[in-house]
């Protein structure tokens with residue numbers, strides 16, 4: 001457990017911590033390598049968690065998880081300049097990074113970053129999504145996220161397929177860089 005020297009910590013919002021704990025959440029402070037080890041264990045066991053991490057810890061987990069083989073397996077590709085410009089124009093969100101595209105098996109409409117943000121606005125609210133993409137000194141890691149991927153055209157719930165124990169096929173994966181010093185990614 002990390003200890004804090006009050007002369008080195010400018011402010012800890014204990015009210016925010018208390019509110020989160022009251023909502024059934026946990027606030028964990030630990031040494032970086034222990035957090036990395038814990039996150040990897042959750043990924044390997046198929047457990048679900050969302051971690052809010054400092055960028056260096058996020059980056060260490062990201063480098064371990066997104067191997068060239070896994071990137072190829074799930075079809076992760078850089079977000080195009082055109083798609084990033086469309087997201088900036090339509091949502092005022094600066095984004096860079098990687099995502100895969102999946103096509104709706106019914107109508108063929110693609111699902112990727114743009115559609116992910118649209119669905120996030122609908123399900124979580126615009127304020128929540130904007131806050132998630134605007135962290136400045138923190139990163140969000142969704143471990144084995146449970147998310148319905150819903151076609152933006154025909155509203156079909158696109159099912160995740162499983163092959164050889166790994167979720168591939170119709171699963172949506174992302175690894176975003178939003179603002180300098182942060183990230184937003186998933187590991188399944």
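The values are calculated or read from the model by the stated rules, or taken from the named source; none is laboratory data. The structure presented is a predicted model; accordingly, all values stated were derived computationally and were not measured. Ideal geometry is used to build each Cβ from the backbone, glycine not excepted, and the neighbour counts take in all protein chains shown.
Within the range 25-41, not a single residue is within 19 Å of residue 131 (Cα to Cα), under 16 Å from the mean Cα position of the chain (by Cα) and at pLDDT 90 or above.
Filtered by the rule that a residue be surrounded by fewer than 18 Cβ atoms within 10 Å (Cβ to Cβ) and more than 22 Å from residue 139 (Cα to Cα), the range 102-121 gives 103, 105, 106, 107, 108, 109, 110.
Keeping to the range 18-46, report how many residues are under 25 Å from residue 64 (Cα atoms) and outside any helix (DSSP H, G or I).
Residues of the range 18-46 that are under 25 Å from residue 64 (Cα atoms), as a first pass: 26-46.
Checking the rest, the ones that are also outside any helix (DSSP H, G or I) come to 26-31, 46.
The number of residues fulfilling the criteria is 7.
Assessment of the range 172-179 against the conditions (at pLDDT below 95 and surrounded by fewer than 14 Cβ atoms within 10 Å (Cβ to Cβ)) yields no matching residue.
State whether the residues of the range 72-81 include one that is surrounded by 12 or more Cβ atoms within 10 Å (Cβ to Cβ), within 17 Å of the chain's Cα centre (by Cα) and part of a helix (DSSP H, G or I). Checked the range 72-81: at least one residue is surrounded by 12 or more Cβ atoms within 10 Å (Cβ to Cβ), within 17 Å of the chain's Cα centre (by Cα) and part of a helix (DSSP H, G or I).
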